[in-house]
Amino acid sequence: MKDINSKSFQGPSESSRAAGSKARELRAVASRLNRIADEIESNPIRAEAIALPDEPLGPLNVLEAGPNHLARVARAIHAARRRRDRWFDRGLFGEPSWDILLDAFQHKASGKQLTTKSVCFASGVASTTALRWIGVMEEAGLLRRTPSERDRREMLVELTDEGFRAMTLYLLDFNQSSRNESNPKG
């Protein structure tokens, strides 16, 4: 039996420790990719929306391009729009339809339901105006309303597959453009 205090005992070499670290890192990335693949496999709507258009948007980090990351991007855009209300009259920037789409995307990407009442609140305009915009976007094929199974008096609002795909592609493009603008080459 060797004495571990003797000079003949040598622990793992520096290169084998580095190789072990890289192997653990690769396993962690593989695990994340497997989770993304499972999510895509279990939700065909999201899988279709994650598919990139024919024209490349530039290099995207696949681990960041999933619905959860894009929901955070949508939430950040929506929050930035609300922050400017501190300094400017809200009426100057009237885009309730955009606020509704951002809110609907966040909910659909996270698998949560959205009521007409919360859509009206998130849009920042009167309920009648928000409901009118919901109707316009429903006619455009971006949103759909359905009665709530929990309470038939309540209506749920969600993005259609087309609306989810369009928002996903916009947010991917926005995310990539933001990165390119914040990291100029040269």
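The values are calculated or read from the model by the stated rules, or taken from the named source; none is laboratory data. The shown structure was predicted, so the numbers you read here are calculated from the model rather than taken from an experiment. When we count neighbours, we look across all protein chains shown, and the Cβ atoms used for this are built from the backbone with ideal geometry, even at glycine.
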(message) When the residues of region 57-93 are narrowed to those that are farther than 30 Å from A126 by Cα and not in a helix (DSSP H, G or I), which ends up modelled with the highest pLDDT?
(response) G66
(message) Of everything in region 152-186, what is modelled with pLDDT of 90 or more and outside any helix (DSSP H, G or I)? Give them in sequence order.
(response) E154, M155, L156, V157, E158, L159, T160
(request) Name the one entry in A166, A140 that is assigned by TED's automatic domain parsing to the domain that holds S97 and exposed (fewer than 15 other Cβ atoms within 10 Å of the Cβ). (result) A140
